[in-house]
1. Taking all protein chains as present, what is the carbon and sulfur share of the accessible area of the chain, in % to the nearest whole number, probe 1.4 Å?
2. Along Cα→Cβ, 7 Å out, is where each label goes; now give me the distance between the ones at ARG48 and GLN323 in nm to one decimal.
3. Quick one: if the Förster radius is 60 Å, what FRET efficiency do GLN35 and HIS436 give, using the C-beta to C-beta distance and rounding to 0.05?
4. Restricting attention to the chain, give the cysteines that have no other cysteine Cβ less than 4.7 angstrom from their Cβ.
5. Could you tell me which of rounded, prolate or oblate describes the stretch 1-93, using a ≥ b ≥ c as the square roots of the eigenvalues of the alpha-carbon gyration tensor, with rounded for a/c under 1.5 and, failing that, prolate when a/b is larger than b/c and oblate otherwise?
6. In the chain, if the dipole is taken from +1 on Lys/Arg beta carbons and -1 on Asp/Glu beta carbons about the Cα centre, which of HIS139, MET315, ILE453 is farthest to the positive end?
7. Whole number please: convex hull volume per residue, Cα atoms of the stretch 218-346, in Å³.
8. Where the centroid of each part is defined by its Cα atoms, how far is the stretch 123-172 from the stretch 283-326 in Å?
Amino acid sequence: MKKQPGWALPDLKAAQVRTNRQSPIRHEVFTLPEQLRRLGAGKKYYLRTYGCQANERDGETLAGMLELLGFAPTQETADADLILLNTCAVRKNAEDKVLGELGSLKRLRKTNPDVLFALCGCMAQEEAIVTTILEKFSHINLIFGTHNIHHLPDLLYRVMVDHKQVVEVYSQEGEVVEELPVKRFASHKAWVNIMYGCDKFCTYCIVPYTRGKERSRAMEDILAEIRSLIQAGYKEVTLLGQNVNSYGKDLHLEGGFAKLLEESAKTGIPRIRFTTSHPWDFSDAMIDVIARYDNIMPFIHLPVQSGDSDILKIMGRRYTIEQYRELYDKIRARIPDCAFSTDIIVGFPNESEGQFEKTMAIVDYCQFDNAYTFIYSPREGTPAAMMTDNVPFEVKQQRLARLNEVVNRYARLRNEAYQDRIVKVLVDGVSKKNPHVYSGYTETNKLVNFTNINAQIGDIVKVRITECKTWSLDGEQVMD
Ligand code: SAH
Ligand code: SF4
Ligand code: F3S
């Protein structure tokens, strides 16, 4: 790989640094110069997003910008003039999927020599990955990172008109840029970013390096967005941040996330969700607000990661398992019908059988409605990746299988409690499997497939649960 003039390449050292500087919040910076307005006219784009909701939300901004440039969407890579992969770096298997895809997409050049390949998202922020991509996949035309997605029109201009290979990745976050174009994936529920980045630096995690430091949006900007979503007919918003509990700390905002939640509830939108909450700074004020407002959904994603306090300490999670249990009990006591999901990592370096048993024990204790379980994946540049590890991979796989078995059992048990109950469901649309069946989610985030009377997407309907499965409920709509 030969670095070209004008390139900005990712730099791991720079990504590790945190400054005290407050990130400026900028309005009205996104403009489309005349020469860019028809850049995509008559052309099609294929966008594929991997990873978390923050990345999904970025995907909506990317799609919004591309359509402003005149591009039309396509689901077929063979029809596309531009293929954009919005990537995730959280585990090696996420990266491998993208690298495989990049390799297999190359063949499209044979039938369409003008097709453009672009890569963005968290993998673009990784120094080693970008070096590999530039060496092995020289067919790629454009690489840009998570901090400059709003430069897409200009970057595409350089690729399409100046015919350059462009790499523009900044390793330090810039401004909070407001009012970017957006093409939302649904017309009844929406993602709303409340903050970007993460400062927790859990020792296994790449996100603080790929997303930069914690930067909050102004409360009035978030509330204005929710109000305009209400006007547009939206019924549900999900407030997004790597750790939403930290909302407002960088702005020295009084009241923090609890205040934002309360103000969001007061807008009157029928449903508010939020993700993710770190167990460390989940405040009593937050529990109180969630309990008091009917339109804040009783569903909490509370990643535990491990059931062993020593492992939690090495992970840099800032809580002991006793503190996690206390928090869980407190929320349960105040919000009895609350549903919980969690994230769990097995096979962290040197995890002993006894430590793993403690993870099984916390699952027994909390009986989660759902759990996302992962085998630990070393991420270059993180402290955990430097630790020696005495746990063979087969043992990690066996632990994951054992864990999944109990996770599934409790998921089913929690669902069985819904038998014959009448629940409120926000209708998403027709079930993928059966055109006579509608689907949607309960307040507690349970997927329900139901036969309908007269449901429309975006309605909140009452459904009687007739059958409970591990990952979904079946039911029939009932009238008031
Ligand atoms: N900010 C969120 C989620 C971040 S990533 C939070 O703190 O909860 C989502 C999940 O991926 C994490 O909760 C963790 O369980 C998992 N994860 C992150 N890094 C990982 C790694 N290196 N190996 C395996 N799983 C990982
Ligand atoms: Fe990663 Fe921890 Fe931040 Fe979550 S809180 S994004 S796990 S560093
Ligand atoms: Fe993946 Fe980046 Fe999200 S690493 S989980 S897409 S913040």
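1. Here carbon and sulfur together make up 49 percent of the probe-accessible area.
2. 4.1 nm
3. 0.75
4. So, CYS52, CYS88, CYS120, CYS122, CYS198, CYS338, CYS366, CYS468.
5. Prolate is the answer for the stretch 1-93, as a/c is 1.5 or above and a/b outweighs b/c.
6. HIS139
7. Hull volume over Cα atoms, normalised by residue count, gives 104 Å³.
8. Comparing the Cα centres of the stretch 123-172 and the stretch 283-326, I get a distance of 38 Å.
The values are calculated or read from the model by the stated rules, or taken from the named source; none is laboratory data. Nothing here was measured: the structure is a model prediction, and the numbers come from that model. Cβ sites come from the backbone with ideal geometry, for glycine too, and all protein chains shown count toward neighbours. For the accessible areas, the whole protein counts, side chains as well, though only heavy atoms, and no ligand, DNA or RNA atoms are used. Shrake-Rupley method; radii C 1.70, N 1.55, O 1.52, S 1.80 Å.
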